[in-house]
Amino acid sequence: MGAQFKPVAGAVTAPRGFRAAGVAAGLKPSGAADLALIVSDCEAVGAGVFTTNQVKAACVTYSQGILAQGQPVRAILCNAGQANACTGEEGERNNAQLARWVAERLGIPPQQVLTASTGVIGQQLEMAKIKAALPRLIDSLSPQGGESAARAILTTDLVTKSTALEADIDGYTVRVGGIAKGSGMIHPNLATMLAFLTCDAAVDPPLWQHILKEAVELSFNQITVDGDTSTNDMVLALANGQSGTPTLQRGTKAAQVLAEMVIQVCIHLAKAIARDGEGATKLLEIRVQGAPDDRSARQIARVIASSPLVKAAAFGNDPNWGRVAAAAGRAGIPFDSRRLEIRLGDFLLLEKGMPLPFDRQAAREYLKGDPVTFTVDLHQGPGQGVAWGCDLSYDYVRINAEYTT
């Protein structure tokens, strides 16, 4: 992380002018918090990146449509428990109704409310429960409510995922905060994961969308748990200008600093999602260098991180570098295998395409740690990239076999 960035508490309520809350509406059988709301005290610039799945939940198409209008937004409502995906016109009507209910109570236009849902596909929202909980949710909004909202968006996650950074930008103290959820159905191009970011800088709308898209490419699109891309994934970001900055414009040093802040917040959240993969015991970090270009390096890293055989070997503490080499070779990026180099932590396993002797027992001990890093060098160019994943354990099958039961 850049030295100019200072971690601060508060998650999405760390930036000025944001309040949040999370309450239990009864959507989860466990009785845990399942309804979250993030609100900007003033109009904010919105940006979003959404799932590439052809089957999209009602909240995805709705929020995409809102942001496409280019109008200011004020709020994000998220429910956990029902995904409201594959629910037809009734699901679309229910989603729009949620936005209207929130808008009425906040005294803002419905088109200033973005929606998100996560949970089981094919179940209609329990509207009566949500409606009954909304007054309590809105009354609970607080400048200290970031962590409460972070808890309310979880499904099979074991831990909350939140962070916030502070930096000086042209003499103004600017903060970026974020929360996320995700544990299974995680793969590049977003997958059953949600992330919500807030920022108190004033940002030109096209620049804000550009910053978010770039950050997602380098973070959430570089994680994988199981190769599945879900129906509900989205990353939403609000920037409300409450830090007092002039409107940041593309091509300036100030915009570059803000972009790096957003990237670091997203990478932190993305790694937390990968580490919390269903049944996971360790985070895998795959570093690729020496590729023809950065995009090629990121592609190879993603393929290695998503390989079931690499993930299973990591779970079994087996330093089977051959699986890493095979995954790199099927990534669709041409390279000369006679130049290939593979490291596991500090253990050099393969050099110039030839296997090297190494302390296998010591490597097994390294694999018992967390995180575990593989470094692959193609020696073909300047490109480099990173991807994050997790091991594949027995518990992953158990959790997903019992998900709807």
*For labels at GLN111 and GLN249 in the simple 7 Å Cα→Cβ model, what's the distance in nm?*
2.8 nm
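Could you tell me the calculated FRET efficiency between LEU309 and ARG360, based on Cβ-Cβ distance and R0 = 25 angstrom, to the nearest 0.05? Write out the running numbers ahead of the final one.
Details: r = 18 Å, r/R0 = 0.72.
The computed FRET efficiency comes out at 0.90.
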*Between GLU89 and ALA9, what FRET efficiency follows from the Cβ-Cβ distance if R0 is 45 Å, with the result rounded to 0.05?*
0.55
*Paramagnetic reach from HIS379 (point 7 Å along Cα→Cβ, amide N under 19 Å) across the range 341-361*: 341-358
*Rounded to whole Hz, the Karplus (6.51, -1.76, 1.60) HN-Hα couplings of the range 67-83, x for glycine and proline*: 5, 5, 6, x, 8, x, 10, 10, 8, 10, 10, 10, 10, 10, x, 10, 7
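If CYS42, CYS78 are ordered by their accessible area, calculated over protein heavy atoms with a 1.4 Å probe, which sequence runs from highest to lowest?
Numbers: CYS42 35, CYS78 0 Å².
Highest to lowest solvent-accessible surface, that is CYS42, CYS78.
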*Per residue accessible area of the range 286-405, 1.4 Å probe, in Å²*: 50 Å²
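With a 10 Å radius around each residue's Cβ, average the other Cβ atoms per peptide and rank 23-29, 68-74, 303-309, 195-201, highest first.
195-201, 303-309, 23-29, 68-74
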*Output the peptides 130-141, 320-331 sorted from most to least packed, where packing is the average of other Cβ atoms within 10 Å over each peptide's residues.*
320-331, 130-141
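At a 1.4 Å probe, what is the % contribution of carbon and sulfur to the accessible area of the range 248-405?
Values: 3730 of 7330 Å².
Carbon-and-sulfur percentage of accessible area, whole number: 51.
With the other protein chains left in place, how much accessible area per residue, in square angstrom, belongs to the range 10-160 at a 1.4 angstrom probe?
Values: 5790 Å² over 151 residues.
Counting only protein heavy atoms, the per-residue value for the range 10-160 is 38 Å².
Which percent of the accessible heavy-atom area of the range 23-66 goes to carbon and sulfur, probe 1.4 angstrom? Before the final figure, lay out the partial values.
Values: 830 of 1510 Å².
With neighbouring chains kept in place, the figure for the range 23-66 is 55 percent.
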*Kindly report, to the nearest 10 Å², the accessible surface of THR160 as traced by a 1.4 Å probe over protein heavy atoms only.*
60 Å²
*Given a 1.4 Å probe and the protein chains all in place, what does the accessible area of TYR62 round to, in Å² to the nearest 10?*
50 Å²
*asked:* So, taking all protein chains as they sit and a 1.4 Å probe, how much accessible area belongs to SER30, in Å² rounded to tens?
replied: 90 Å²
*Give me the lysines in straight-line cross-link reach of LYS6: C-alpha distance below 24 Å, same-chain residues under 8 apart excluded.*
LYS161, LYS181, LYS213, LYS253, LYS271
*Simple label model, 7 Å out from Cα along Cβ direction - THR52 to ALA32, nm*: 3.0 nm
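The values are calculated or read from the model by the stated rules, or taken from the named source; none is laboratory data. These figures come from a predicted structure and were not determined experimentally. Cβ atoms come from the backbone with ideal geometry, glycine included; neighbour counts cover every protein chain shown. The protein model used for the area step is the full one, side chains on, heavy atoms only, and it has no ligands, DNA or RNA in it. Shrake-Rupley method; radii C 1.70, N 1.55, O 1.52, S 1.80 Å.
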